[in-house]
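The values are calculated or read from the model by the stated rules, or taken from the named source; none is laboratory data. This one's a predicted model, so the numbers in the text were calculated from it and none came from an experiment. Using ideal geometry, Cβ is built from the backbone for each residue, glycine included, and neighbour counts are taken over all protein chains shown. Surface accessibility is based on the protein's heavy atoms, side chains included, excluding ligands, DNA and RNA. Shrake-Rupley method; radii C 1.70, N 1.55, O 1.52, S 1.80 Å.
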Amino acid sequence: MTLKAEAKPKQTLPSKTTNEVRTGADLLMELLVEAEVDTVFGYPGGAVLPIYDALYRSNASFKHILTRHEQGAIFAAEGYARVTGKPGVVIATSGPGATNLITGITDAMMDSLPLVIFTGQVANHVIGTDAFQESDVLGITTPITKYNYQVDDVTDLPRVVKEAFHIATTGRPGPVVIDIPKNISEALPSGEFNTDFYLPGYQPTTKPNPLQIVKVADAIEKAKRPVLLAGAGVLFADAAEELKQFAEKYRLPVVNTLLGLGSFPGSNELSLGMAGMHGSYTANMAVYESDLLINIGARFDDRLTGNLQHFAPTAKVAHIDIDPAEIGKNIPTEIPVVADAKLALEALLKKNIKQPNHEAWMEKIAQNKRDYPLWHNLSDEAISPQSLLQKIHKATNGEAIVTTDVGQHQMWAAQYYTLDKPHNWVSSGGLGSMGFGFPAAIGAQFGRPNELVISINGDAGFQMNLQELLLLKQWDLPVKVIIMNNSALGMVRQWQETFYEERYSESLLDINPDFVKLAESYGLKGMKVEKEEDVEAALKEMFEYDGPVVADFRIIQKEKVYPMIAPGKGIQEMIGVTK
Ligand SMILES: Cc1ncc(C[n+]2csc(CCOP(=O)(O)OP(=O)(O)O)c2C)c(N)n1
Ligand SMILES: [Mg+2]
């Protein structure tokens with residue numbers, strides 16, 4: 001995307017009332033307050049010392065959370081953004097501080113999360129000399145940000161910060177990096193500032209074209225086998241209510257993408273659950289057999305579609321998306337609608353669409369639901385992961401904010417923790433970054449402090465960012481950390497069992513830390529649960545405990561995630577489906 005930023009005429013900022021010296025870094029603190037930031041996740045270092053000094057001296061209203069690794073900071077910011085809809089803000093130093101953010105920035109880019117990230121940089125006059133802790137942040141982050149800046153004049157700072165928040169949060173959200181050389185944060189600005197942004201090349205289309213809405217309405221009237229596919233775009237547009245009204249008004253069945261979970265109530269009779277590689281039989285077959293597929297805010301990711309040749313072969317496709325680049329990218333689309341999902345759904349709700357004649361289709365879907373439900377095994381030796389999630393769902397009334405890491409536990413959580421409310425599901429989709437889930441839970445708890453946050457982790461992924469356990473103690477965050485411990489890189493193990501003749505290359509974790517002692521070493525309550533019959537009592541103890549808990553649940557190692565679409569196969573070719 002090309003965003004041409006041109007400054008409007010200069011204006012004078014109100015000057016500080018104190019007699020203190022006011023640096024670029026002090027100005028930054030003011031700008032963060034002005035942007036209504038309440039939480040910043042970060043980690044100091046040489047190039048951001050002036051910024052951290054300004055933070056120390058300032059009486060800014062936001063809190064700064066010192067994570068124990070920059071990756072923890074950026075994943076926490078993503079969790080915060082996902083559950084609040086507000087931008088996540090991160091500060092890191094130059095060089096290793098900035099490069100430690102890269103996975104998280106890529107994750108936010110893939111999953112369209114609004115972040116504003118401040119990285120320190122070496123002073124302007126040494127940029128390009130391989131100075132101590134210099135890294136080419138602009139170069140490195142160009143392909144993984146919605147936009148990025150390096151500030152070379154302190155008077156640009158107000159404009160740049162305003163633009164960054166605007167770009168991160170409007171249109172299709174995404175991460176924006178502002179790289180600030182040390183001499184800029186140390187500079188003593190005075191007088192004239194660029195405060196207003198001007199982005200003629202960046203005008204996201206939000207209102208749907210009325211003619212396209214008519215085409216969608218006509219297609220619904222004619223459809224015999226309609227399906228709505230709801231993605232995270234519905235959540236970003238805050239359009240869950242409109243989606244529900246729309247689906248119910250015309251009795252349209254709804255399938256969700258992984259990241260769209262919660263955009264439609266999972267327990268609604270029109271919900272078919274998640275579609276895709278580990279989607280339900282009913283959802284995948286509905287997509288496969290549909291004659292009208294209306295995609296709202298999903299990007300037809302390959303984990304959803306399977307082999308493109310077999311994806312919804314008989315469907316007319318309508319696609320509502322705020323990002324025109326997504327429409328027609330993977331799937332030929334008859335009815336493109338470039339718009340904000342809420343505005344598009346509102347426009348569709350206003351049309352008096354004739355009820356489609358699709359009773360036979362609805363009956364077929366109901367029959368599939370009855371005949372091919374999700375299923376799982378129980379064991380005397382260890383806990384069933386699926387039943388554990390069902391019990392967690394029951395114990396929390398399905399109302400918790402759930403964050404997951406990446407692997408089998410993530411897919412089981414998506415299948416079994418039925419979400420009825422929007423903005424309660426936090427998971428790494430596009431990038432699938434292990435290590436995401438636990439720091440994301442911390443960010444979510446900061447964002448929604450009065451709600452129950454459950455962090456579902458694998459035993460391996462949890463170890464990628466467990467240093468953040470300290471934050472639970474330090475900030476008294478009542479996150480319930482669940483480790484679904486199969487002593488394995490379970491998802492890797494599953495693929496090796498299925499596609500590599502059980503050659504378990506580097507996927508069995510014979511040695512794991514004692515997670516109870518680990519929790520205790522951080523001053524936290526630790527629990528270990530080994531048997532199915534002990535699960536309910538353990539969950540009761542965990543949820544009744546007033547504070548954070550780390551619970552190690554020993555689950556069946558050999559359990560697999562089903563249904564599954566094998567790589568290269570079509571969405572209808574699921575394995576692990578039983579009647
Ligand atoms: C950073 C990163 N490295 C590697 C992978 C590949 N990977 C996907 S799932 C998985 C296993 C995860 O194991 P665990 O955290 O124990 O979860 P489980 O699948 O057992 O539930 C691996 C290695 C990844 N997704 N992310
Ligand atoms: Mg595991």
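Right, Asp371: among the charged types (D, E, K, R), within 16 Å of ligand 2 (Cβ to nearest atom) and either crowded, with 19+ Cβ neighbours inside 10 Å or modelled with pLDDT of 95 or more (or both) or not?
Details: among the charged types (D, E, K, R): yes; within 16 Å of ligand 2 (Cβ to nearest atom): no; either crowded, with 19+ Cβ neighbours inside 10 Å or modelled with pLDDT of 95 or more (or both): yes.
Criteria not met by Asp371.
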Name the residues in region 306-325 that are touching a helix residue (DSSP H, G or I) at 6+ places or on another chain (Cβ under 9 Å), surrounded by fewer than 24 Cβ atoms within 10 Å (Cβ to Cβ) and not aliphatic (A, V, I, L, M), would you?
His310, Phe311, Pro313, Thr314, Lys316, Asp323
Among what's in region 475-505 and is within 16 Å of ligand 2 (Cβ to nearest atom) and in a loop (DSSP other than H, G, I, E, B), pick the residue that is nearest to the chain's Cα centre (by Cα).
Leu489
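If I filter region 31-45 down to residues being in a helix (DSSP H, G or I) and open to solvent by less than 20 Å² (accessible area, probe 1.4 Å), which single residue comes out as farthest from Ala81 (Cα to Cα)?
Our first condition is that a residue be in a helix (DSSP H, G or I); within region 31-45, this holds for 31-34.
Now drop any that are not open to solvent by less than 20 Å² (accessible area, probe 1.4 Å), which leaves 31-32.
On the way: Leu31: 19, Leu32: 16 Å.
Step by step, filter region 31-45, then rank; the result is Leu31.
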Checking the structure you have, find out if any residue of region 388-395 is within 12 Å of ligand 1 (Cβ to nearest atom), over 20 Å from Val234 (Cβ atoms), buried (at least 22 other Cβ atoms within 10 Å of the Cβ) and within 19 Å of the chain's Cα centre (by Cα).
no
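Would you check if there is a residue in region 188-204 being under 18 Å from Ala344 (Cβ atoms), of a type outside the set (Asp, Glu) and within 28 Å of the chain's Cα centre (by Cα)?
Narrowing region 188-204 to residues under 18 Å from Ala344 (Cβ atoms): 203-204.
Still in the running and of a type outside the set (Asp, Glu): 203-204.
Remaining after also requiring within 28 Å of the chain's Cα centre (by Cα): 203-204.
The answer is yes, given that some residue of region 188-204 is under 18 Å from Ala344 (Cβ atoms), of a type outside the set (Asp, Glu) and within 28 Å of the chain's Cα centre (by Cα).
Would you confirm whether or not region 343-356 contains a residue that is of a type in the set (Gly, Ala, Ser) and in contact with a helix residue (DSSP H, G or I) (Cβ under 9 Å, 6 or more places away or on another chain)? Full working, then the answer.
The first filter runs over region 343-356 and keeps only residues of a type in the set (Gly, Ala, Ser), leaving 344, 347.
Okay, now just the ones that are also in contact with a helix residue (DSSP H, G or I) (Cβ under 9 Å, 6 or more places away or on another chain), so 344, 347.
Yes; the residues of region 343-356 include at least one that is of a type in the set (Gly, Ala, Ser) and in contact with a helix residue (DSSP H, G or I) (Cβ under 9 Å, 6 or more places away or on another chain).
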Within region 195-213, residues being in a loop (DSSP other than H, G, I, E, B), in contact with a helix residue (DSSP H, G or I) (Cβ under 7 Å, 6 or more places away or on another chain) and not polar (S, T, N, Q) number 6
Candidate set: region 494-527, residues that are buried (at least 18 other Cβ atoms within 10 Å of the Cβ) and within 16 Å of ligand 1 (Cβ to nearest atom); chosen: the one farthest from Arg554 (Cα to Cα):
Gln496
Might you check whether a residue that is open to solvent by less than 10 Å² (accessible area, probe 1.4 Å) and either part of a helix (DSSP H, G or I) or among the aromatic types (Phe, Trp, Tyr) (or both) occurs anywhere in region 143-156?
no
Given the conditions (1) in a loop (DSSP other than H, G, I, E, B); (2) exposed (fewer than 15 other Cβ atoms within 10 Å of the Cβ), which single one is not true for Thr333?
(2)
For region 390-413, give me each residue that is in a helix (DSSP H, G or I) and away from ligand 2 (no atom under 16 Å from the Cβ).
Gln390, Lys391, Ile392, His393, Lys394, Ala395
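Every residue, every condition in (1) touching a helix residue (DSSP H, G or I) at 6+ places or on another chain (Cβ under 8 Å); (2) among the charged types (D, E, K, R); (3) open to solvent by less than 10 Å² (accessible area, probe 1.4 Å); (4) part of a helix (DSSP H, G or I), yes or no:
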residue: Gln415; (1), (2), (3), (4): yes, no, no, yes
residue: Ser428; (1), (2), (3), (4): yes, no, yes, no
residue: Met434; (1), (2), (3), (4): yes, no, no, no
residue: Pro439; (1), (2), (3), (4): yes, no, yes, yes
residue: Asn450; (1), (2), (3), (4): no, no, no, no
residue: Ser455; (1), (2), (3), (4): yes, no, yes, no
residue: Gly461; (1), (2), (3), (4): yes, no, yes, yes
residue: Lys473; (1), (2), (3), (4): no, yes, no, yes
Got a number for residues in region 425-460 being farther than 15 Å from Val549 by Cα and within 11 Å of ligand 1 (Cβ to nearest atom)?
11
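Run down Val234, Val216 and say which single residue is closer than 24 Å to Asn397 by Cα, part of a helix (DSSP H, G or I) and either over 20 Å from the mean Cα position of the chain (by Cα) or of a type in the set (A, V, I, L, M, F, W, C) (or both).
On the way: Val216 fails: closer than 24 Å to Asn397 by Cα.
The conditions single out Val234.
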Under 7 Å between Cβ atoms, at least 6 apart or on separate chains: pull out the pairs that start in region 384-400 with a residue that is of a type in the set (Lys, Arg) and end on any residue that is assigned to a helix (DSSP H, G or I) and open to solvent by 10 Å² or more (accessible area, probe 1.4 Å).
Lys391/Glu536
Subset of region 115-139 (residues that are within 27 Å of Arg172 (Cα to Cα) and open to solvent by 10 Å² or more (accessible area, probe 1.4 Å)):
Asp136, Leu138, Gly139
Of the residues in region 478-493 that are buried (at least 22 other Cβ atoms within 10 Å of the Cβ) and of a type in the set (S, T, N, Q), the one that is farthest from ligand 1 (Cβ to nearest atom) is Asn485
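Name every residue in region 166-183 that is part of a helix (DSSP H, G or I) and open to solvent by less than 10 Å² (accessible area, probe 1.4 Å), in order of residue number. Explain how you work it out, then say what you get.
Taking region 166-183 and keeping what is part of a helix (DSSP H, G or I), we get 166-169, 182-183.
Once the filter is applied, which keeps residues that are part of a helix (DSSP H, G or I) and open to solvent by less than 10 Å² (accessible area, probe 1.4 Å), region 166-183 yields Ile167, Ala168.
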Among residues belonging to region 538-565 that are more than 21 Å from Asn450 (Cβ to Cβ) and of a type in the set (Phe, Trp, Tyr), point out the one that is most open to solvent (accessible area, probe 1.4 Å).
Tyr562
Pairs, please: C-beta under 8 Å, at least 6 apart or cross-chain, first residue in contact (Cβ under 8 Å) with a residue 24 or more places away in the chain and in region 471-495, second away from ligand 2 (no atom under 16 Å from the Cβ) and hydroxyl-bearing (Ser, Thr, Tyr)?
Leu471/Thr67; Leu472/Tyr522; Lys473/Tyr522
